[in-house]
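Have a look at the structure below, then the notes.
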Amino acid sequence: MIDVSHSIPVNDGPDPTLSIGDVWRELERKAHHPDRYVRRITECRVTERFDGGLVRDFVLEGEPVRELVTFYPQQRIHFVRTLGRTRGTIDNEITTTGAGALVVAFHARLVIDGTAPGSTAERQRAERLKANYTETILATLATARSRLPARPGTT
């Protein structure tokens, strides 16, 4: 089983500063339209909506995937992969550090068909997964910043 976690500081880089609401709105958009945020996803269709979530089908690196997505507003989005070669759960969570800094954390617990637990292939997949999720979260934060109105005195 792949068990990968990583936290990314939200406001440890370019201005403008993002609020929890700014981050939440962008994570929610990403959940509805992952093909606009994740370059390895070529298409996505929301097949069902329900109070607090949705079901989506998408194509990731040429493979069909289905996820049940549950929203915990302003806190966490929980993804359960129910169809595809890779199954398990992924969480995107908005938290703060002990010092109060805003952070987006992801945690993935996944099993890949045909991949032996503890194998080199599984470790390599875990490393790629962490790099891909980090890239996606950074891009998501950049998109959130681009949606904010320009502040006076900035370009």
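Odds and ends about this structure:
- Accessible area (Å², 1.4 Å probe, nearest 10) - Val46: 40
- The residues neighbouring Trp24, those whose beta-carbon lies less than 12 Å from its own, together hold a net charge of 0 under the Lys/Arg +1, Asp/Glu -1 convention.
- Across the stretch 97-108, rounded Karplus estimates of 3J(HN,Hα) from the backbone phi angles (6.51 cos²θ - 1.76 cosθ + 1.60, θ = phi - 60°) give 6, x, 8, x, 6, 6, 9, 10, 10, 10, 9, 10 Hz, Gly and Pro being marked x.
- For the chain, the longest principal axis of the C-alpha atoms and the axis of helix 120-147 are separated by about 30°.
- When the solvent-accessible area of the chain is split by element, carbon and sulfur atoms take up 52 percent of it, the probe being 1.4 Å.
- Each Lys or Arg adds one and each Asp or Glu subtracts one; over the other residues with Cβ under 11 Å from the Cβ of Tyr37, this totals +2.
- Distance in nm between pseudo-label sites at Ser19 and Thr47 (7 Å out along the Cβ direction from Cα): 3.7
- Taking label points 7 Å from Cα along the Cα-to-Cβ direction, Ser119 and Leu148 give a separation of 4.5 nm.
- In the context of the full set of protein chains, the chain has a per residue accessible area of 55 Å² (1.4 Å probe).
The values are calculated or read from the model by the stated rules, or taken from the named source; none is laboratory data. Because the structure is predicted, anything quoted here is derived from the model rather than measured. Using ideal geometry, Cβ is built from the backbone for each residue, glycine included, and neighbour counts are taken over all protein chains shown. For the accessible areas, the whole protein counts, side chains as well, though only heavy atoms, and no ligand, DNA or RNA atoms are used. Shrake-Rupley method; radii C 1.70, N 1.55, O 1.52, S 1.80 Å.
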